[in-house]
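The structure appears below as structure tokens.
The values are calculated or read from the model by the stated rules, or taken from the named source; none is laboratory data. If you're wondering where the values come from, they're calculated on a predicted model, not measured in any experiment. FYI the Cβ positions are ideal-geometry reconstructions off the backbone, even for glycines, and counts take in every protein chain you see. What goes into the accessible areas is simple: the full protein's heavy atoms, side chains included, and nothing from ligands, DNA or RNA. Shrake-Rupley method; radii C 1.70, N 1.55, O 1.52, S 1.80 Å.
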Amino acid sequence: MAGRWVAAALAALAAAIVLYVALSSSGRGPSYIRAASRLVENGSATLVYNATFVLNQSGIPLELQRYVVEYSFNASARELFTSSRPISQRGPIPSINMSIWINGSRLCTAVVIERNGRLARGANCNWPGSPEFFYLYVPLGSLAIGNSTYVHDNYYVVETVHISYIGQRQVLGQVAQCYSIDVERAVKSPPGSTRTNTTETVCLSPQGVPLVAEQTTRQVLEIAPGRYVRESILSNLTLVGYKLGYFDREAFLRNIQEALGG
């Protein structure tokens, strides 16, 4: 169960990912989107959110979980550090730190998970290191890449993004431009496959920073031929602080060292 929750939490945290790329490729003109695109493709920032996740598995609701989530990224160098810490919980939900970077033609990850005082950690470089693949991990990274197909060994991903403008709102004391995003993703990786449908509402600040993101994700996992698990994830992210032009490289490097057992 812990492993499934980790996967679900990471999938939900990556939800913001799908936003940035698709918006820039949609061709809309508001300066909010241009600012977001520049931030994701070439900028750096540290963004902190209060996040709420609810996981339902095969129709059975699991407990609500609340996290503080930090994204710190330097897009031009293709470096990202994410940290998720539970702030109220029922059950042994883990804290997760992850560093992502590109090394040559590989995309590398270093993950440290703490649960009940115990650590699980590991690092590897086993994904294509293209900027497009990296953007999948940057907060709301889909704004940079739009519709995409990835093939790596036996791992095959097709992602389709549909975006519509839903108007202007007052959010956290700022005038925000809000968008509705529908994402369909199919992943094939033996022995099974995953099909995911995501609906998200995101409101951007004038600087292109996501102020709020509300998301519903439904996925069907084929865990063995003919055996399926159905999950839905409800998530809500609300910005609580940010620094534009700042990347926490110290935390990024420290996490890699810890993941390697140093």
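Residue 45: buried (at least 19 other Cβ atoms within 10 Å of the Cβ) and modelled with pLDDT under 75, yes or no? Please lay out each step first, then the result.
Values: buried (at least 19 other Cβ atoms within 10 Å of the Cβ): yes; modelled with pLDDT under 75: no.
So residue 45 fails the test.
Go through 115, 66, 121 for me and flag whichever is closer than 26 Å to residue 172 by Cβ and either at pLDDT below 85 or open to solvent by 20 Å² or more (accessible area, probe 1.4 Å) (or both).
Going through 115, 66, 121 in turn, just one is closer than 26 Å to residue 172 by Cβ and either at pLDDT below 85 or open to solvent by 20 Å² or more (accessible area, probe 1.4 Å) (or both): 66.
Tally the residues that are part of a loop (DSSP other than H, G, I, E, B), open to solvent by less than 50 Å² (accessible area, probe 1.4 Å) and touching a residue at least 60 places away in the same chain (Cβ under 8 Å), restricting the search to the range 124-140.
Residues in the range 124-140 being part of a loop (DSSP other than H, G, I, E, B), open to solvent by less than 50 Å² (accessible area, probe 1.4 Å) and touching a residue at least 60 places away in the same chain (Cβ under 8 Å): 4 in total.
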* Structure fact -> Given the conditions (1) touching a helix residue (DSSP H, G or I) at 6+ places or on another chain (Cβ under 8 Å); (2) at pLDDT below 85; (3) farther than 23 Å from residue 162 by Cα; (4) not β-branched (Val, Ile, Thr), every one holds for residue 228 apart from (1)
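Just wondering, is there one or more residues in the range 83-103 that are assigned to a strand (DSSP E or B), small (Gly, Ala, Ser), closer than 24 Å to residue 211 by Cβ and touching a residue at least 40 places away in the same chain (Cβ under 8 Å)? Outline the logic, then answer.
Within the range 83-103, the subset assigned to a strand (DSSP E or B) is 83-88, 95-103.
Right, trim to small (Gly, Ala, Ser) and you get 83-84, 88, 95, 99.
Now narrow it down to the ones that are closer than 24 Å to residue 211 by Cβ: 83-84, 88.
Within this subset, residues satisfying the condition of being touching a residue at least 40 places away in the same chain (Cβ under 8 Å) are 83-84.
Among the residues of the range 83-103, at least one is assigned to a strand (DSSP E or B), small (Gly, Ala, Ser), closer than 24 Å to residue 211 by Cβ and touching a residue at least 40 places away in the same chain (Cβ under 8 Å), which makes the answer yes.
Looking at the range 15-24, is at least one residue touching a helix residue (DSSP H, G or I) at 6+ places or on another chain (Cβ under 7 Å), among the small types (Gly, Ala, Ser), surrounded by 15 or more Cβ atoms within 10 Å (Cβ to Cβ) and at pLDDT below 65? Break it down into steps so the answer makes sense when it comes.
Within the range 15-24, the subset touching a helix residue (DSSP H, G or I) at 6+ places or on another chain (Cβ under 7 Å) is 17-24.
Remaining after also requiring among the small types (Gly, Ala, Ser): 22, 24.
If we keep only those that are surrounded by 15 or more Cβ atoms within 10 Å (Cβ to Cβ) too, we end up with 22, 24.
Filter again for at pLDDT below 65, leaving 22, 24.
So far as the range 15-24 goes, yes, one or more of its residues are touching a helix residue (DSSP H, G or I) at 6+ places or on another chain (Cβ under 7 Å), among the small types (Gly, Ala, Ser), surrounded by 15 or more Cβ atoms within 10 Å (Cβ to Cβ) and at pLDDT below 65.
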